[in-house]
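We did not get these values from a lab; they are worked out from the coordinates using the rules stated. Values in this document were obtained by computation on a predicted structure and should not be read as measured data. Counting neighbours? That spans all protein chains shown, and the Cβs are built from the backbone with ideal geometry, glycine included.
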């Protein structure tokens, strides 16, 4: 044992996936520069302190990252369900006693930190699904109805609770992440087909009975934002102006009028990418999503090289987590998708998002760390 | 755990599935890149424009209108700094709250503010400003400024307030300014095409000199560009060059000043005299060369109330007032001239040799033409009198006979040359021409032949004759100058802010009646001398109808007159006019020039519903002429005071009032 420890210590630095760390760091730097601009407009006294907060989150995030890296991710197999159920309890608590913000109950207020359990739920979901799905051995045929029951139940419970808050964005995110993981684990064709039929029939019903008016408005506005430029279309339109007015090289650091003069709503959280596009133009925008793509490819490589199915499934889950957030957030900012309150990982301001993302990446780093351990 | 560590090959089951991820991620990157290219490169310029419009607010800097000054540079109309409160709907975040805060301060009901904002949003869109109240008091400004920062959409703006220090005095001459109406906007833009461009919300001259000189005194509005944030607050970015170089402010250009021929002192003397006697009606005083010295129309409005927002109550009061304060009665109303017409008939009769200087005519109390009796205003008549007596005492019967001898067309030939029945051409808008009839006119417009009897009524200024006060004053001025007809004017010059004269008007003689005119008629100097002497006696003779109003050292020459507002029978005419309801009383005329032998100034007064020319109008004319000479020829007044020792100046109350027709 003593020997192996000294061996591990010697090769610790070598075994770390430095590419992963560097890409994350690059996105962190872009995120901080951008957040500084977004929180330091001429009239933004009340958000200036957020920049310092974010640095604290970032340091905490990296701590979590390295702790997770050093721990064997096999530990997740043991504590996955515990994390999941504690998280579920937290969501139940939030649903009934949580802090109301922007018309929805989402947070538990710890004073220094407003904890958003639905955010960490995404990671808990990845943990339990990775455990369940990697244990399924379907002999290449894909999962049948019976095999799908348990993973779907694990999904439906938090989904309903989060929809109740109401937080459509997070609920959709959890569904998208879980759905992708399930699909990756393979589902039988006839089930896929019937699921597709079922969804296409239930969508109109959901539109009528499940969605709130503000959510319907967002979708309608997405389809024609110019109809109502002062109210629901405002965000979409202002974001479009911000992105477009950046042109090729952007207006420059802290010179983006759309963000500095507060025409952009939620500019340090959901619309952080607009700030970036306005101030750093096409060059900055492409560089950023390019870095995300590199990150995704790195994650896929880690999954590929994983020593076991569980590690691979974990890596796929975290990949889905970051990809879907980036997909929906950037898609919304550049006007390809309706307005949904979803943060951009590593760039948006927010402790829950930052810690969850870094913890997830830490897990993957742990998978990468142990790929040579046979 | 051991299972996983011991089965590394198991994870190979997934290997074939990663290609879907690669594919989907690449497609996403491609789609986003295309979209970004489209937004930032293809639509970049357009969207940059939109983002610029977002933050750059164009603010109009209204140009101060030029001042209006009197002939000596005294201020008649000026500008004062003021404040107004406007709302910009695009920045209003909570309309109810705003209305609740602002309403009580400016004295408007919050509900009304809400409906106004909603209507404006609907009709004019969210970017049109709504002027809530102009001419704010200091306290209102102070209270609004306190809530200004917490109330997005509320703006307090400095304005230039037009100020009329003379208030109601001469209001119709100077006019007033107020916001351009929707109806006027296209009309004025058409009228001033290429010279001026009006926009909604512009303040324009609506009447009088303000309207007439719009293009001279208006000035050019400036523009200022300010940067605002999403809440409409003015913001400076820390980086100064963000505003770019192509946008720069443009200063407003002050309008040119207008110098009028008006003399503020004479104007004020006229107003004082009107007020002292509590008269309504009109007054115009002009120098012999046509320069208008004073101009009054009573009752009047206070133009200062228009410069601020006029209340609907005040407006209704003004337009429903039976005595028409909005009307410029000097040129916009015409009346029968009554006996003030007689000197014109005298000129025609003398020149046509229908009567001579010394010829005596019997003028009893009643004159029968055919079977119809024509009355003199004095029951006993005047007996045997000559032309001087007839003018001095204003004998109707004497002039009836001149009317018969002359006939309408001869009267027309002479009298129209004096300008009766024609616009005088004064600069102000909406002048009416009045009417001087002749046989052809009646045939054309009434479809009837001229009746002999109508010569009688015309000869004493009744019937179809209608004249404006401006015409009468000009005609008397012509008699004073023995035939020189001048064009009246009130705008002396337009001067820019550096004092450079841009435009100047000079006295302009239109014709000299001592020369033969196109219609073959002229009036000799001798004829003028006779009539002038008769007019001098009106104010100075022992039996002159206006003999009670004299100025020490200056003799006036003039004529009184009465314009009937409705037909009365002979008995009613003799009945005491003053006992009738005010709107049924006659108008009194008095027009005079002075000094009688070498006139410098002519003053006409129409005293509405004052019953008589002598008591109603003459004292005002006297006051104005006296004020003129006290200012410009004090030595004449002083000499007069020395010469006339303890001369009793009888008061207006004691004057006999029946002598005047």
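When every alpha-carbon pair in chain B is counted, what percent end up more than 38 Å apart? That tail contains 49 percent of the Cα-Cα pairs. Axis angle, to the nearest 10 degrees, between helix B:525-540 and the longest C-alpha principal axis of chain B: 90 degrees.
Averaging 1/r over every pair of different alpha carbons in the protein assembly as shown and inverting the result gives a Kirkwood radius of 36.7 Å.
Using alpha carbons only, the radius of gyration of the stretch B:340-387 set against its Kirkwood radius gives Rg/Rh = 1.01. Considering only alpha-carbon pairs that sit under 8 angstrom and 6 or more positions apart, the relative contact order computed for chain A is 28 percent.
Please report the base-10 log of the normalised intensity I(q)/I(0) for the stretch B:278-422, using a Debye sum with one equal scatterer per alpha carbon and no solvent, at each q in 0.14, 0.21 (1/Å). Log10 of I(q)/I(0), two decimals: -0.83, -1.25. For chain A, modelled as a GNM whose springs connect Cα atoms under 10 angstrom apart, the maximal fluctuation among A:339, A:108, A:364 occurs at A:108. Shape index of the stretch B:32-190: Rg/Rh, with Rg the Cα radius of gyration and Rh the Kirkwood radius from the inverse mean 1/r over Cα pairs, equals 1.10. Binning all Cα-Cα separations of the stretch B:504-626 at 10 Å, short to long from zero, yields these whole-percent fractions: 13, 33, 29, 20, 5, 0.
Give the peptides B:396-409, B:330-343, B:106-119 in descending order of average Cβ contacts within 10 Å, highest first.
B:330-343, B:396-409, B:106-119
Computed over chain A with a Gaussian network model linking Cα atoms closer than 10 Å, the most mobile of A:77, A:129, A:237 is A:77. For the stretch B:276-327, averaging the sequence separation of C-alpha pairs within contact (under 8 Å, six or more residues apart) and dividing by the residue count gives a relative contact order of 30 percent. Out of A:253, A:110, A:282, any idea which swings most in a Gaussian network model of chain A, alpha carbons joined below 10 Å? The residue with the greatest mean-square fluctuation here is A:110.
Can you sort B:217, B:360, B:204 from fewest to most other Cβ atoms within 10 Å of each residue's own Cβ?
Sorted ascending by nearby Cβ count, the order is B:360, B:204, B:217.
Once the Cα atoms are used to define both axes, helix B:264-276 deviates from the longest principal axis of chain B by about 70 degrees. Seen against the Cα atoms of chain B and their longest principal axis, helix B:18-36 is set at about 20 degrees.
The ranking of B:148, A:325 from fewest to most other beta carbons within 10 Å of each one's beta carbon is B:148, A:325. With n ≥ 4 as the cut-off for DSSP H runs, can you work out [θ] at 222 nm for the protein assembly as shown, using -39500 (n - 2.57) per run divided by the number of residues, rounded to the nearest 500? One gets -15500 deg cm²/dmol as the mean residue ellipticity at 222 nm.
Order these by the 10 Å Cβ neighbour count, fewest first: A:243, B:501, A:132.
By the 10 Å Cβ count, ascending: B:501, A:132, A:243.
Sequence-distant contacts, meaning Cα pairs under 8 Å at least 6 residues apart, place the relative contact order of the stretch B:494-561 at 18 percent.
Just so you know, the Cα atoms of the stretch B:346-470 work out to an Rg and Dmax of 15.5, 48 Å.
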